[in-house]
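Enquirer: Sharing a structure here in structure tokens format.
The values are calculated or read from the model by the stated rules, or taken from the named source; none is laboratory data. Quick caveat, the model's predicted, so the values are computed rather than measured. Every residue, glycine among them, receives a Cβ derived from its backbone with ideal geometry; neighbour counts consider all protein chains shown.
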Amino acid sequence: MNISFDASDLNAKLEKMTAGLTMGLHNALAQSGETVRADAVANCPVDTGRLRGSITSTVEGNSAVVGTNVEYGIYVEFGTGSQGDKSVAHTTKDKWTYYSGGHFYTTSGMKARPFLVPALKNNKDKITKLIKEAVKG
């Protein structure tokens, strides 16, 4: 005795569900990234506005990526030298001297002024909710 069935309807339904889930997840990631980006912009220290203006959010695969391409952004986020965030590797020097604009300066570093990490932490519950709703369907 043989039993057979046509799974084409099932395959079509599964493909439709998968496409919907993928689109829902993409949208949730985009919303999550934008939420974190907006919070980071609001809390970013401002001198010239270059760093604040460079903060972006994109969706890459199954991740939202929020950050800046400004080279000094990492130093603002985590600080430098002995005054920097102790959880991040920094120079072991207590003080150092550098030359800029015709003058010598001595520094022990710069205190951290985080804006990206707190933006993620502050929005963890909202992000979790967005993702849960997206995969719930």
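Enquirer: With the requirement that a residue be among the small types (Gly, Ala, Ser) and either touching a helix residue (DSSP H, G or I) at 6+ places or on another chain (Cβ under 6 Å) or modelled with pLDDT under 95 (or both), what does the range 45-72 give you?
Expert: Going residue by residue through the range 45-72, those that are among the small types (Gly, Ala, Ser) are 49, 53-54, 57, 61, 63-64, 67.
Those that are among the small types (Gly, Ala, Ser) and either touching a helix residue (DSSP H, G or I) at 6+ places or on another chain (Cβ under 6 Å) or modelled with pLDDT under 95 (or both): Ser57, Gly61, Ser63, Ala64.
Enquirer: For the range 60-69, give me the residue count where each residue is within 11 Å of the chain's Cα centre (by Cα) and surrounded by fewer than 17 Cβ atoms within 10 Å (Cβ to Cβ). Outline the logic, then answer.
Expert: In the first step, residues of the range 60-69 are kept if they are within 11 Å of the chain's Cα centre (by Cα); the result is 63-68.
Now drop any that are not surrounded by fewer than 17 Cβ atoms within 10 Å (Cβ to Cβ), which leaves 63, 65.
So the count comes out to 2.
Enquirer: Tally the residues that are out of contact with any Gly (no Cβ under 9 Å at 6 or more places or on another chain) and surrounded by 13 or more Cβ atoms within 10 Å (Cβ to Cβ), restricting the search to the range 116-126. Please lay out each step first, then the result.
Expert: Going through the range 116-126, the residues out of contact with any Gly (no Cβ under 9 Å at 6 or more places or on another chain) turn out to be 117-126.
Next, from what is left, pick out any that are surrounded by 13 or more Cβ atoms within 10 Å (Cβ to Cβ): 117-120, 122-123, 126.
Qualifying residue count, the range 116-126: 7.
Enquirer: Could you say whether any residue in the range 62-70 is on the phi < 0 side of the Ramachandran plot, out of contact with any strand residue (DSSP E or B) (no Cβ under 9 Å at 6 or more places or on another chain) and hydrophobic (A, V, I, L, M, F, W, C)?
Expert: Taking every residue of the range 62-70 in turn, at least one turns out to be on the phi < 0 side of the Ramachandran plot, out of contact with any strand residue (DSSP E or B) (no Cβ under 9 Å at 6 or more places or on another chain) and hydrophobic (A, V, I, L, M, F, W, C).
Enquirer: Could you grab the pairs with beta carbons closer than 9 Å, sequence gap of 6+ or different chains, first residue in the range 11-30 and assigned to a helix (DSSP H, G or I), second one polar (S, T, N, Q) and surrounded by 15 or more Cβ atoms within 10 Å (Cβ to Cβ)?
Expert: Final answer for the pair search is Ala30/Ser57.
Enquirer: Follow-up. Every residue in the range 103-127 that is out of contact with any helix residue (DSSP H, G or I) (no Cβ under 9 Å at 6 or more places or on another chain) and assigned to a helix (DSSP H, G or I), please. Before you say what the answer is, go through the steps one by one.
Expert: Narrowing the range 103-127 to residues out of contact with any helix residue (DSSP H, G or I) (no Cβ under 9 Å at 6 or more places or on another chain): 103-106, 121, 124-125.
Passing the criteria: Lys121, Lys124, Asp125.
Enquirer: Turning to a different aspect of this structure: With the structure loaded, tell me whether Gly33 is crowded, with 18+ Cβ neighbours inside 10 Å, out of contact with any Pro (no Cβ under 6 Å at 6 or more places or on another chain), farther than 21 Å from Thr128 by Cβ and in contact (Cβ under 8 Å) with a residue 12 or more places away in the chain or whether it fails that test.
Expert: no
Enquirer: Among the numbered criteria (1) surrounded by fewer than 16 Cβ atoms within 10 Å (Cβ to Cβ); (2) closer than 30 Å to Thr18 by Cβ; (3) touching a strand residue (DSSP E or B) at 6+ places or on another chain (Cβ under 6 Å), which one does Thr97 miss?
Expert: (2)
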